[in-house]
Amino acid sequence: MYPVITASVPLLEPPGWAIAERELFALLDRAWRRFVRDFTGPDGRLAYDGELTTRDGVDDFYETFFNWPQLYLLGGADDLLAESERHWEGVTRQLTELGMLHDEYERGYDWFHQGESLLLLYFLCMAAPERWRERALRFAELYVDPAHGNYDPAHRIIRRPHNGSDPAREGLFDGGSYPWLPREAVTYGFPLEWLLPPDAEEPPRERDPRLGEQMRRRTGTGDTAVNLAASGLVFNALLLSGDPRYRDWLAEYVGAWRDRAAANDGILPDNVAPDGTVGGLLEGRWYGGHYGWSWPHGWYSVGHAAVVAALSAALATGDESFTDLVRPALDEIISHGKVMAFTEADSSLESKWSVQLREDVDTPTLHVPFRYDDRGWFDYNPMLMGVPAALWHHTAAPEDRERLERLRAAGGHDWRTVRPFRSKEEAGHEEPWLAYLAGDNPDYPERILAAAQAQVRHRLTRMERYRGRAVPEADIHLWQQSNPVVTEALVQLTWGGPQVVYNGGLQQARVRYHDADARRPGLPPSVAALVSGIDPEATVVELVNLDPEAPRSVIVQAGAFAEHHIRGVTYTVCDDPSWIGGLYDYGHREPAVTTASIDLDGPWLRVDLPRSSRIRLTLRLALRARTPSYATPFDERDA
């Protein structure tokens with residue numbers, strides 16, 4: 001059971017953010033239905049009749065729908081969950097026919113891409129845990145059970161960079177050399193650069209040792225840091241089952257990488273040989289592994305995998321020292337930061353930042369190095385805020401908050417600016433959101449909701465342009481580029497959390513909601529929510545029922561996985577009905593609003609919202625006071 005508070009403050013002039021929020025929900029509902037008609041088949045698969053000729057592609061099919069069940073969890077349409085499940089099933093059949101899956105799971109590929117593929121599954125598990133439990137546990141067992149060939153418990157490593165359901169899939173490519181395209185060579189360079197003398201001419205691709213047998217032997221076996229993203233799959237299984245085997249595996253595997261980082265002056269290395277030695281295949285180098293510090297993305301791949309693993313292990317075990325898997329490396333790249341214009345940087349991610357920075361590409365601001373090789377640190381980019389924001393959201397620690405403040409002080413661009421873009425990660429607006437939470441960006445809710453509307457409408461226009469066209473293999477990103485579901489704004493504003501870490505993370509949230517009457521997750525119809533502060537001692541949530549006739553009931557949940565306890569709540573009250581005025585008054589008076597407080601001790605609080613009412617809650621939370629799980633308030637009440 002859980003306590004109940006009834007809102008009593010009248011809603012007279014609906015706040016602009018509340019109207020904009022519900023309008024966004026309505027627009028998104030129309031947009032995803034349009035996408036289904038334009039780009040998918042009767043069984044939910046994508047409209048594609050070509051082949052997949054490399055190991056790449058599974059992620060691009062699943063990514064298209066990754067945030068559809070997330071929208072359902074936020075309060076999207078009742079039938080959106082079944083529609084999301086239908087697309088997972090259809091795409092899975094499609095990819096199986098294309099030879100990419102075995103027993104519904106990736107045959108073998110790197111975890112930078114596997115993490116992207118699995119976001120759809122994680123949100124489906126969060127929305128309907130009982131229906132997805134068996135499948136998700138079966139997938140996790142591919143890593144937890146050494147009999148499947150992926151995990152070596154003696155050396156505490158995942159045995160190879162390309163891993164999955166097919167133990168026969170070895171190396172990094174099929175054929176004689178890695179299929180590196182000329183434009184990728186220009187953008188990222190080559191792995192194993194040190195194999196050629198500095199003044200050597202570039203050999204033909206099929207005879208380049210950096211792309212052939214040397215790459216297969218040195219980087220196609222053993223563990224690599226990006227495999228840490230597999231922790232999300234195992235943590236998801238723990239949330240579903242509570243089986244301590246999954247907790248123990250996380251402690252063992254992530255703990256091994258934490259030990260390796262500690263032995264490397266705190267900086268996470270990116271490669272481990274089959275015998276368990278860091279640098280064992282790279283002549284002692286702690287860098288240079290597949291999807292590691294040197295090639296192709298550096299911090300962009302290593303940092304995301306590290307924070308996924310650190311937060312999964314910390315939540316699973318209660319051991320906060322796992323977050324030290326992230327901090328030293330994060331602080332190391334910041335220590336090498338330089339103030340420059342992006343147009344002067346050697347960034348390998350030009351297409352990302354030119355859109356995200358827009359008019360500030362020429363503004364001097366802090367850039368940090370993403371990559372490291374024999375030359376030292378290079379590949380300077382603006383700080384990706386997803387990792388430090390996720391770290392601070394989890395810990396609420398002063399040192400993690402102070403890091404954000406230092407980054408803002410060092411930046412040359414205005415953190416309050418909301419730019420109109422939708423990145424691949426459906427994220428990137430952390431700076432203005434953090435400024436809002438700091439009390440320095442009061443217009444942010446309405447501006448980010450307007451930006452979200454713009455992106456949906458832009459995607460609808462893109463869909464109109466491309467529907468009905470045959471999609472060649474080279475253009476399979478079309479679907480995710482056209483996905484009209486945007487959720488970052490709703491996640492920040494209603495859940496008080498950052499968007500999910502895209503390469504395999506599980507959702508963070510200070511609060512979530514359930515519709516008490518419909519007995520499903522998400523905000524009820526006509527209800528808007530705004531989280532304006534996430535300090536554990538004062539997490540501030542406003543709920544508004546815009547419906548002029550029907551009451552609504554919302555269950556507020558502390559944490560994405562009910563992992564926090566609500567210790568107490570202070571809430572707004574209007575006990576004096578005199579604001580209505582007399583029979584012959586031409587207008588209303590200003591309602592007299594006071595506050596009341598109650599003590600609680602649990603993860604859930606029910607708020608009854610009469611028609612046209614609002615309430616502001618100031619929650620006092622005990623972070624991580626409860627074992628995280630996918631349990632719902634309905635499970636508890638029915639138990």
Filtering segment 318-339 down to residues that are closer than 18 Å to P628 by Cα and in contact with a Gly (Cβ under 9 Å, 6 or more places away or on another chain) yields D319, F322
Restricting attention to segment 401-453, which residues are among the acidic types (D, E), at negative phi and in a loop (DSSP other than H, G, I, E, B)? D414, E425, D440, D443
Which of the numbered conditions does A263 fail, given that it passes all the others? Conditions: (1) among the small types (G, A, S); (2) in contact (Cβ under 8 Å) with a residue 40 or more places away in the chain; (3) touching a strand residue (DSSP E or B) at 6+ places or on another chain (Cβ under 8 Å). (2)
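Table: residues versus (1) in contact (Cβ under 8 Å) with a residue 24 or more places away in the chain; (2) over 22 Å from Q507 (Cβ atoms); (3) part of a helix (DSSP H, G or I); (4) hydroxyl-bearing (S, T, Y).
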position	(1), (2), (3), (4)
D43	yes, yes, no, no
D59	yes, no, yes, no
Y62	yes, no, yes, yes
F66	yes, no, no, no
L71	yes, no, yes, no
E85	yes, no, yes, no
How many residues are part of a loop (DSSP other than H, G, I, E, B), touching a Ser or Thr at 6+ places or on another chain (Cβ under 7 Å) and surrounded by 16 or more Cβ atoms within 10 Å (Cβ to Cβ) if we restrict to segment 178-191? 1
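Residues checked against (1) over 30 Å from A77 (Cβ atoms); (2) in contact with a Gly (Cβ under 7 Å, 6 or more places away or on another chain); (3) surrounded by 19 or more Cβ atoms within 10 Å (Cβ to Cβ):
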{"residue": "W579", "(1), (2), (3)": "yes, no, no"}
{"residue": "E590", "(1), (2), (3)": "yes, no, no"}
{"residue": "A596", "(1), (2), (3)": "yes, no, no"}
{"residue": "V607", "(1), (2), (3)": "no, no, yes"}
{"residue": "R611", "(1), (2), (3)": "no, no, no"}
{"residue": "L623", "(1), (2), (3)": "yes, no, no"}
{"residue": "P633", "(1), (2), (3)": "no, no, yes"}
Go through segment 122-177 and give me each residue that's surrounded by 21 or more Cβ atoms within 10 Å (Cβ to Cβ), without any contact (Cβ under 8 Å) to a residue 60 or more places away in the chain and assigned to a loop (DSSP other than H, G, I, E, B). N150
Within segment 527-579, which residues are without any contact (Cβ under 8 Å) to a residue 24 or more places away in the chain and either aliphatic (A, V, I, L, M) or outside any loop (DSSP other than H, G, I, E, B) (or both)? P577, S578
Matching residues, segment 329-372, being in contact (Cβ under 8 Å) with a residue 24 or more places away in the chain, assigned to a loop (DSSP other than H, G, I, E, B) and among the hydrophobic types (A, V, I, L, M, F, W, C): A341, A345, L349
Within segment 373-388, can you find the residues that are more than 23 Å from V307 (Cβ to Cβ) and not in a strand (DSSP E or B)? D374, R375
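For (1) under 19 Å from P328 (Cβ atoms); (2) touching a Phe, Trp or Tyr at 6+ places or on another chain (Cβ under 8 Å), each residue gets a yes or a no:
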{"residue": "D374", "(1), (2)": "no, yes"}
{"residue": "Y380", "(1), (2)": "no, yes"}
{"residue": "A390", "(1), (2)": "yes, no"}
{"residue": "T395", "(1), (2)": "yes, no"}
{"residue": "L407", "(1), (2)": "yes, no"}
{"residue": "G412", "(1), (2)": "no, no"}
{"residue": "R419", "(1), (2)": "no, no"}
Can you tell me which residues in segment 487-509 are over 21 Å from F421 (Cβ atoms), in contact with a His (Cβ under 8 Å, 6 or more places away or on another chain) and buried (at least 24 other Cβ atoms within 10 Å of the Cβ)? G504
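Rule-based calculations on the coordinates, nothing more; no lab input. Source: prediction; values computed, not measured. Cβ: placed from backbone, ideal geometry, glycine included. Neighbour counts: every protein chain shown.
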